[in-house]
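Below: the structure, in structure tokens.
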Amino acid sequence: ERLKKRSLWVHTWLLRRPEYGQYEKLLAELHREDPHGYKNYLRVTPELFHELVTRLGPYIDKQDTFMRKALTPGHRICITLRYLATGDSYHSLMYNFRVAHNTISKIVRETCEAMVQELTDELLPCPKTPEAWKEVAENFSKRWQFHNCLGALDGKHVAIKCPPHSGSYYFNYKHFHSIVLLALADANYKFLYTDIGANVSASDGGIFKDSNIYTALEDKTAGIPEPEPLPNDDQPIPYAIVGDDAFGLRTWLMKPYPHRGMLKEERIFNYRLSRARRVVENAFGILVHR
């Protein structure tokens, strides 16, 4: 049976992109007339946008063909940043940028992969030396009065659409489909380490045990400092990550007292640990809000 001949290769209104597309027209106007609006539109300054174009261009630049002219790296990055800034659908972005929605789906994925490859080491700098870990601990001491703390650890369910033929594989106990974002955050709500995409059937503790950072901590290759006394004390105390009851107690991982009827000193400790640990939950909140 012969395939049905394609009746339309591309909608003609998409071909008028150079005259009416938001990248070609609106972004240029904002750059000239309204720098604040430009940043609000893409969530980056013009200078940072051009830096992204320079650094990501080699990863996402496409060649023109005899059938069509390829979108420039700047255009691809603009579409991706707008998608990340608004959470808008591909179909809605199609009418704004005059780029087909199936093309946008590929652009977003490819550009995000390029961002990860080019920027991860710079923007997610997990400490690897005692000096770098001590800098993290010093910030926890100053901001949250919890000493010898190397970071706050927790997991976050990130909602997703149910993948085809996945059944209940991604269906969590909160009754929606998700993947797990496991993250270690510093005292300033910045992520130091992330593990993304685990199956929701696993607990936070189980996901952590399968992560690279757990292996490094267990093998003593993570570069954490040697135990040092707390302020106004002379007894060496190990440096440790703080987490909730989902994680197993280790010399390098501290969790709250779980029992009832705690002593006053134990309640104070749990309160202080909670002050330090909640930064990762706040970081998740900031991420979701953005």
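The values are calculated or read from the model by the stated rules, or taken from the named source; none is laboratory data. The structure presented is a predicted model; accordingly, all values stated were derived computationally and were not measured. FYI the Cβ positions are ideal-geometry reconstructions off the backbone, even for glycines, and counts take in every protein chain you see. Ligands, DNA and RNA are stripped out before the accessible areas are found, and what is left, the full protein with its side chains, is counted by its heavy atoms. Shrake-Rupley method; radii C 1.70, N 1.55, O 1.52, S 1.80 Å.
Of the residues screened, ILE207 is not one that is open to solvent by 40 Å² or more (accessible area, probe 1.4 Å), closer than 17 Å to VAL158 by Cα and within 22 Å of the chain's Cα centre (by Cα). Note on region 76-103: residues that are at pLDDT below 95 and within 20 Å of GLN63 (Cβ to Cβ) total 4. Would you check if there is a residue in region 104-119 being closer than 19 Å to ALA185 by Cβ and either open to solvent by less than 50 Å² (accessible area, probe 1.4 Å) or modelled with pLDDT of 95 or more (or both)? There is at least one residue in region 104-119 that is closer than 19 Å to ALA185 by Cβ and either open to solvent by less than 50 Å² (accessible area, probe 1.4 Å) or modelled with pLDDT of 95 or more (or both).
Listed by first and then second residue, the pairs with beta-carbon distance under 8 Å, at least 6 apart or on different chains, first residue in region 24-40 and closer than 16 Å to HIS75 by Cβ, second in a loop (DSSP other than H, G, I, E, B) and not small (Gly, Ala, Ser), are TYR38/THR45.
Residues considered: VAL200, VAL242. Of these, the only one that is hydrophobic (A, V, I, L, M, F, W, C) and in contact with a helix residue (DSSP H, G or I) (Cβ under 9 Å, 6 or more places away or on another chain) is VAL242. Of the residues ALA100, ALA85, which is out of contact with any Cys (no Cβ under 7 Å at 6 or more places or on another chain), touching a residue at least 12 places away in the same chain (Cβ under 8 Å) and closer than 22 Å to THR12 by Cβ? That would be ALA100, the only listed residue that is out of contact with any Cys (no Cβ under 7 Å at 6 or more places or on another chain), touching a residue at least 12 places away in the same chain (Cβ under 8 Å) and closer than 22 Å to THR12 by Cβ.
Determine, yes or no, whether THR54 is hydroxyl-bearing (Ser, Thr, Tyr) and closer than 16 Å to ILE107 by Cα. Don't jump to the end; show me each part of the working.
Details: hydroxyl-bearing (Ser, Thr, Tyr): yes; closer than 16 Å to ILE107 by Cα: no.
Taking the combined requirement at face value, the residue does not satisfy it.
Whether a residue is open to solvent by 80 Å² or more (accessible area, probe 1.4 Å) and modelled with pLDDT of 90 or more was assessed, and TYR59 passes this test.
The set of residues in region 227-276 that are open to solvent by 50 Å² or more (accessible area, probe 1.4 Å), part of a loop (DSSP other than H, G, I, E, B) and of a type in the set (Asp, Glu) comprises ASP233, ASP234, ASP245.
Here's the yes/no breakdown for (1) of a type in the set (A, V, I, L, M, F, W, C); (2) part of a loop (DSSP other than H, G, I, E, B); (3) farther than 30 Å from MET254 by Cβ:
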position: GLY57; (1), (2), (3): no, no, yes
position: LYS62; (1), (2), (3): no, yes, yes
position: LEU71; (1), (2), (3): yes, yes, yes
position: ASP88; (1), (2), (3): no, yes, yes
position: MET94; (1), (2), (3): yes, no, yes
position: ASN102; (1), (2), (3): no, no, yes
position: ILE107; (1), (2), (3): yes, no, yes
position: LYS142; (1), (2), (3): no, no, no
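Within the span defined as region 180-200, one or more residues are open to solvent by 90 Å² or more (accessible area, probe 1.4 Å) and within 20 Å of HIS147 (Cα to Cα).
Scan region 147-165 residue by residue and report those that are hydrophobic (A, V, I, L, M, F, W, C) and surrounded by fewer than 22 Cβ atoms within 10 Å (Cβ to Cβ).
VAL158, ALA159, ILE160, CYS162
Just to be sure before I move on: is TYR83 crowded, with 17+ Cβ neighbours inside 10 Å, assigned to a helix (DSSP H, G or I), out of contact with any Ser or Thr (no Cβ under 7 Å at 6 or more places or on another chain) and among the aromatic types (Phe, Trp, Tyr) in the structure I sent? Yes: the conditions hold for TYR83. Within region 45-57, the presence of a residue that is out of contact with any Leu (no Cβ under 6 Å at 6 or more places or on another chain), polar (S, T, N, Q) and closer than 20 Å to HIS11 by Cβ is excluded.
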